[in-house]
């Protein structure tokens, strides 16, 4: 993935935590992209349930923990 494509992901994200870009999908799910390995991505519910992923189990647990600790920053009151 080119640096321009990664920059586009960063600019379109709602939150970036430790190299993971979090953004809302049209149906209010959360898309997560590893900016260091952009082919590692996940879609999960706002409750943290994984719907789709190309991440391994360790990376999923890391992303879920980041989401759990930081999801409040994606709420509308912070937008």
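Computed from the coordinates by the stated procedures, all read-outs in this text should not be read as laboratory data. Small disclaimer: the values here were computed from a predicted structure and weren't measured. For neighbour counting, all protein chains shown are included, and Cβ atoms are generated from backbone atoms with ideal geometry for every residue, glycine included.
Ranked for footprinting exposure by Cβ neighbours inside 10 Å, fewest first, 25, 53 give 25, 53. Would you mind classifying the stretch 3-74 by shape? Square roots of the alpha carbon gyration tensor eigenvalues, ordered a ≥ b ≥ c; an a/c under 1.5 is rounded, otherwise it is prolate if a/b is larger than b/c and oblate if not. Since a/c stays below 1.5, the shape of the stretch 3-74 is classed as rounded.
Contact order, relative form, for the chain: 18 percent (alpha carbon pairs under 8 Å, 6 or more residues apart, mean separation divided by residue count). GNM on the chain, alpha-carbon springs under 10 angstrom: the most fluctuating residue among 50, 58, 30 is 58. A full extension of the chain between residue 37 and residue 10 corresponds to an added length of 8.4 nm, given 0.36 nm per residue minus the alpha carbon distance.
In plain terms, the residue of 42, 28 with the fewest other Cβ atoms within 10 Å comes first and the most crowded comes last, giving 28, 42.
So, R0 is 30 Å and r is the distance between the beta-carbons of residue 1 and residue 28; what FRET efficiency does that work out to, to 0.05? In this case the efficiency is close to 0.70.
Taking other C-beta atoms within 10 angstrom as a stand-in for reagent exposure, 47, 26 fall in the order 26, 47, fewest first. Its DSSP H runs of at least 4 residues, each contributing -39,500 (n - 2.57), put the calculated 222 nm mean residue ellipticity of the chain at -9500 deg cm²/dmol, to the nearest 500.
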